Structure formats: C-alpha cells, structure tokens
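What follows is calculated from the coordinates using simple rules that are stated; it is not laboratory data. These numbers come from a predicted model, not from an experiment. Reconstructed Cβ throughout: ideal geometry from the backbone, glycine too, with neighbour counts over all protein chains shown.
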Amino acid sequence: MLQIKNLHASIDGKEILKGINLEIKPGEVHAIMGPNGSGKSTLASVIAGHDAFEQTQGEILFEGEDIQELAPEERAHRGVFLSFQYPVEIPGVSVTNFIKTAINELRKSKGQEDMPANEMLALIKQKAELLEIDRKFLSRSLNEGFSGGEKKRNEIFQMAMLNPKLAILDETDSGLDIDALRVVANGVNRLRSQENAVIVITHYQRLLDYIIPDFVHVLHDGKIVKSGEKELAHQLEEKGYDWVK
Amino acid sequence: MELKERLLASYLAFEDRTEMDDHVRNIRSQAIKNFESNGFPSKKDEEWKYTSLNPLLKVPYTVFSKKENSVEFKDVKKYFLHEIDSYKLVFIDGVYSSFLSETTHQGMDICLLSSALSKPKYKMVMDRFYNQATDKNESLTSLNTAFATEGAYINIPKGKVVNKPIQIIHFSTGQESALMLFPRNLIVVGENAHVQIIERHQSLYENPVLTNAVTEIFANKRAIVDYYKIQNDLPSASLIDHTYISQKQDSNCAVHTFSFGGKMTRNNLNFYQEGEHVQSTLKGITLVGDKQHVDHHTLVAHNQPNCESFQEYKGIYADQSTGVFNGKVIVKKEAQKTNAYQQNNNLLTGDKATINTKPQLEIFADDVKCSHGCTIGQLDKKALFYLRARGIPEKEAKALLMYAFANDVLSAVKIQEIKTRITKIIANKIGVKLGFDI
C-alpha cells in the first residue's frame, strides 16, 4: 500500500528526514516511535502533502503511484488520512457541516453525487456512537473550545466517516486521559480491516497497549534506526531511547 | 467646469423651479452655502486621508435625469428580497416608481419623502425631524441636503410593530451617460415601535453613477430598528452613504452593512445616544476585489450614561482592492458606565490589497469600559492544510475559511432570506458552491 524509499525532506533548507525506508501492506499496523525532534510529525506531514516541507530525495508510492506532486486534497481522495497532533480550530463551521463538506468532496472526486441527507445523518449517528460522541457536540464549531480529548476523538470520528485506506495517527494519545484513550483506541480498532493500514506515531508505548502494532520502528535524527515487532515498544519503554541511538 | 461649479450652477436652476416651504428652503440654502465654502473633501482632510474623490470629480455627472425611465419587474426581480412579503419603496434614477413599490398609510406612513416635504399634514413632523440628526458641517451631507427631493419617508407610530420588512431600492438605469443621485431617507420610529429595513442602491447598466445618499433615523424610547444595507453594485457605480441615527432611552438600533461591490463605497455611519440604556450595534462584512475601494467611517457618540455600543467589522480584500476602517467612539463626561466594544478584522487575500484601520477613542468619563481591537492577516496556512488534508480542495477550503471568518457578523442577521442571499453573494464572489447553508 505504502512504500517509502530513501525519503529526504527539509523545511526552510533544514533537512529533517534523512533517508527513510518503510513499507506498509494492507491490514498492517505500524508504530513509529522516537524522541522529540526525531522527525515523526514531519514524516506524517510529508506523507499527507504539507507544502511547507520539501521532498528533496527519494519517493513515496501510494498503491504504486508516486504522490510527490499531488496536493493534500488529492492524497486524501486516494485514501490518505492524517489525524492531526494539533487539530485546528475553525470557528463558524460546525463539525457536521465540515464532515459533510469533506465527504461530498471525496465523492465528487470519484464522480459521485452528494450523499443523500438521510444517509449522511444515519452515518454520522452511527460513527458518533462508535466514538461515544454526544449529538450536541456535532453542532459546535469545529475544534473551537474543545478539550484535548474532544479534539482527538473528533479526529477519529472524521477518520471513521471518511474510511481511509491509510490512517496516520500523529500523537493521537497526547492529551488523552485513560478513558478517552480507550474510546479512541477502540474506535481505531473497530475500523481496522484487511484492506486498510494504520501508522501510529507516538512518543510513549501507552497507546500501543490498546492498538497492537504489527511492527514498531524507531526514528532517530531523521532515520529509522531500529525496527521490530511489538515487543520493541516495551523494550523502549524500559530502556529509553538512548538504548537504540 | 468642475463638478463643484456645475453643482452650484445647477442649484440655482433647481431652486427656481422647485416649490418648497420656507422651512425647507431655508435648510437647503444653508446647506448649499456650506457645500460652497467647503467643497468636496480632499485627502488633506483627516476624515478622507485614505479615500480620494478626485477620480470621481472628473466624471461629467448630470444632476437630474432628463427623462423618466422605467424598468420591468422581471429585469430587476433579483435585486429584491422577493421570497418574502415586504413593503417596497422603489426609485428609478431618483424618481419614484409606483409600479414597483408597495406603500402604506394604514396605521403608519411608509411612503415618499417628496410628499412628506410638500404636504401640510406632514409639516409638523418635518419641522421636528428633517435634517435634525445630520452633521451640518459635513460638506457632502450638505450637498445632499441641498439637492435631495426624494427618498423614503417612514413614520412608525408608538407601539406599532411593522409586520413585514421594508425594502428601499434606488435603481439607476444608465440612460444618462453619467448620473449623480441624492437619495434622502427619513425614518421616525415611535416609542416601543419595531421595524426592519433593507436598503440597496443598484445600477442596471455600466454608465458611471455617483450616489450621495443621506438617511436619518430617529428611534424613540424602547424602539427597535434593524437596518440592513446591501451594497453589491456594478464596478461603474460609486456610493457615498451617510446614515445618522439618533436614539432615545432604551432604544435598540442595529445597522448591518454588506459591502460587496462598486467602484468606490464610503459609509459614514453615525450613532448619537441621546438617552440612557441605549444599545447601538454596527456590523459589517466587506468582500471586494479588483481595484474596488470600501471605506467605513463609524461614529458612536456616547452622550448619556449606561449605554452600550457594539461594533464588529470583517473585511476580506482580494486583488488590488483597498479598504479603510475608521471607528470613532466619543464618550462624554456624563456618559458614565458606558460599555463600548469595537473590533475590526481583515484578511488580505491579494498581494497588492491594502487596508487602513484606525480605532479612535475619545473618552472623557472615568467609569467606562471601552475595548477595541483590529487584526490584519492572511488565511491561516495551518487551517488551510487541515481542510485540504480532509479532501477539501484549495479553493473550497479558502472559501470555507472566509465564511468562517465572516460568520460572526452573518449569524447576527435576523432575516433568514438576507442571510441566504448574502451567503449566495459571497459564494459567487469567491466562485465556489458550498455543500451547506449557513
């Protein structure tokens, strides 16, 4: 599904990613761990197409297609989803209107008509229940005044609505208390299938107790310095990142 | 001959052929004298520092349309809020169109200024209110006062709640190669009365038009006035709009100004609080592009204690468009416990767009709460990426952010059809279809 080959990326001329190689197959969950500043969030942003980063070398293939020249929305239409570490507040646009717009743009890109209103409502209701989201919450302005937990839950709600092929969860566990963490992880697990894949980016092993990864990669200074199976996360938790440097 | 000289010459002819009573004649001759000595304001005047009238003064405007022109309703229907029932006062090239209008004298007067100025039964009201709220030193207001003969006259008696909105629409047909218009509206709202008014100036053909309009509104005790100005004219049209609002105790007046088009638009919006516990609301959305220019000059005179004013103006300037916001708040010594709020936020979406924004607070009382703020920025790049990462294309994402930006003002509109209309105008301006209604 996703092949990253010798990926180098920089921002304002400063190189952050220094040769990343990664292959993700459908049905897999990969965890990317690493200390602050190792390039985890940059990797997420570059895959999603953030134009502040320049891809200087290497390639990103999504379902065999080089996506370097694709705009963020085109990547989204192909099935890439990024759950933001810091979701942006957009006053004046409700959660419902936002997700309706996103769904219908996705359909438009596939040459489909807008989703009928009753179908949309039913889908919203179903996914909101999955994430234990209150109905009143959906009419609030997007992320405005949301708690950290509400923001992250809302990200996973959007993921559930959009049903992406590849979901990248960037520090989805940060700012979550244990109950919210359970709800969010449960939501992600319910959405897993043999057709889609998940990249979990996290600093701590905590989230990986709930979303069990098939592979764990350790990022340090823009490179993957160690890869292994889920036990690697526990070893990191015990020994710290200095151990793999 | 320069425009000023031509106007002064026209006035002599106008005075000769117009019958009027002494009171009105006196007001007009005072006004033309003031215009004669002050002329058109230039950029040397502090109030006109960022707005130049010079390009307009070179246009050979005609003051009076030579013939009566008519338009078909089907051709102008789109400029009306035709989805809802309303009273209508429609003027074509400055002349009343009975065909397009719907007036009333039943329990209230929703009719013409020309008849109010000429019929004896209105004389008492005219003596008391006509030209009483205006700034007598303001040269362009004086110019209007000197020439104005027609416009809306609305008098809502005590306790009357007008059951449907009133639309005031001034059309110009472009029959004259260049036309100058002087619409004049007088609105008197009695104690506990309630009225909603929508005002629009619209040219139908791309010949230059300069409209120099004056509206006076008197809100008596506990009156509620909800006023909407829709400015979405052709690029050949310019508008100088003066609105003077005098508010008595416990009255509540709100003016919403939507400036979406026209070559040059200048809004002078003046509120005078003449009683305690008055509420004044001034809101605006400006969305322009090309080389359009929009200037909002507001004044709130807090003359009495325990009053509030609330100003919120949002501007989006594309291409090489330019904007001005100058918000003056005067709090007199006796106006203790004043609560005055002012906010002006601007987005510059064009590299060559400009906005000059200036809060101007003159506070002479010591126990007041006055706040103001202004921002100038671009669309938030993080927000843009967030929306695009969800599959919303760049253009639609920008439109969505502009909506979000303007929404605080739009959500305060009390007539749903206006909200829908404004939403459509904004969508057209930005060139997108949004998947939902606001």
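Please give the average number of partner chain Cβ atoms lying within 10 Å of the Cβ of each residue in B:391-401, rounded to a whole number.
Details: counts 21, 9, 9, 3, 1, 5, 4, 0, 0, 7, 4.
The shielding value for this peptide is 6.
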With point charges of +1 on the Cβ of Lys and Arg and -1 on the Cβ of Asp and Glu, referenced to the Cα centre of the protein assembly as shown, which listed residue (A:His217, A:Gly58, A:Gly79) lies farthest in the positive direction of the dipole? A:Gly79
Overall dimensions of segment B:381-438 by Cα: Rg and Dmax, Å: 11.9, 35
Take chain B, connect every pair of alpha-carbon atoms lying under 10 Å apart with a spring to form a Gaussian network, then pick out the residue of B:Ala365, B:Ala146, B:Ala219 with the largest mean-square fluctuation. B:Ala365
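Short version: what are the Cα gyration tensor semi-axes of chain B, square root of 5 times each eigenvalue, largest first, in whole Å?
32, 26, 23
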Can you tell me which lysines have their Cα less than 20 Å from the Cα of A:Lys230? Leave out same-chain residues fewer than eight positions away. A:Lys25, A:Lys40, A:Lys239, A:Lys245
Given the -39500 (n - 2.57) contribution per DSSP H run of 4+ residues, what per-residue ellipticity at 222 nm results for chain A, rounded to the nearest 500 deg cm²/dmol? -10500 deg cm²/dmol
If segment A:2-244 were replaced by its equivalent ellipsoid, with semi-axes equal to the square roots of 5 times the Cα gyration tensor eigenvalues, what would those be, largest first, whole Å? 29, 21, 16
Spin-label model distance (nm) - A:Asn36 vs A:Glu69, 7 Å beyond Cα toward Cβ: 4.0 nm
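Restricting to Cα pairs below 8 Å that are 6+ residues apart, what does the relative contact order work out to for segment B:259-315? Please round to a whole percent. Write down the numbers at each step before the final one.
On the way: 108 pairs, mean separation 28.1, N = 57.
For segment B:259-315, the relative contact order is 49 percent.
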Where both residues lie in segment A:2-244, what percent of DSSP beta bridges are antiparallel, nearest 5? 60 percent
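Which whole-number percent is the relative contact order of segment B:381-438 (Cα, under 8 Å, 6+ apart)? Write down the numbers at each step before the final one.
Numbers: 27 pairs, mean separation 18.4, N = 58.
That works out to 32 percent.
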Within the protein assembly as shown, percent of DSSP bridges classed antiparallel, to nearest 5: 20 percent
Under 10 Å, Cα contacts only: if you run a Gaussian network model on chain B, which one of B:Lys248, B:Lys160, B:Lys414 comes out with the highest mean-square fluctuation? B:Lys414
Averaged across A:105-116, how many Cβ atoms of other chains sit within 10 Å of each residue's Cβ atom? 2
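For segment B:72-167, which GluC sites (Glu not before Pro) are both in a DSSP coil and crowded by at most 12 other Cβ atoms within 10 Å? Kindly include the intermediate steps, with their values, before the conclusion.
Values: sites: B:Glu72, B:Glu83, B:Glu102, B:Glu138, B:Glu150; in loops: B:Glu72, B:Glu83, B:Glu138, B:Glu150.
For GluC sites (Glu not before Pro) across segment B:72-167 that sit outside H, G, I, E and B with at most 12 neighbouring Cβ atoms in 10 Å, the list reads B:Glu72, B:Glu83.
Mind ranking B:204-214, B:236-246, B:345-355 by how tightly packed they are, going by the mean number of other C-beta atoms within 10 angstrom, highest first?
Working: B:204-214: 21.1, B:236-246: 23.5, B:345-355: 18.2.
Ranked by mean Cβ neighbours within 10 Å, highest first: B:236-246, B:204-214, B:345-355.
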Report P(r) for the protein assembly as shown: all Cα-Cα distances, bin width 20 Å, range 0 to the bin holding the largest distance, values in whole percent. 17, 40, 26, 15, 2, 0
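Before anything else, pin down the relative contact order of chain B: Cα pairs under 8 Å, at least 6 apart, normalised by residue count, whole percent. List each step's numbers first, then the result.
Numbers: 1084 pairs, mean separation 40.3, N = 438.
Over chain B, the number comes to 9 percent.
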Give me A:Leu176, B:Leu57 ranked fewest to most by other Cβ atoms within 10 Å of their Cβ, as a rough exposure proxy. B:Leu57, A:Leu176
For chain B, what proportion of DSSP beta bridges, expressed in % and rounded to the nearest 5, is antiparallel? 5 percent
Using a 7 Å offset from Cα along Cα-Cβ at B:Ala178, what residues in segment B:205-245 end up with backbone N under 18 Å from the label point? B:205-213, B:234-240
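What average count of beta carbons from other chains do you get within 10 Å of the Cβ of residues in A:87-95? Write out the running numbers ahead of the final one.
Numbers: counts 2, 9, 5, 10, 4, 12, 9, 2, 0.
Rounded to a whole number, the mean comes out at 6.
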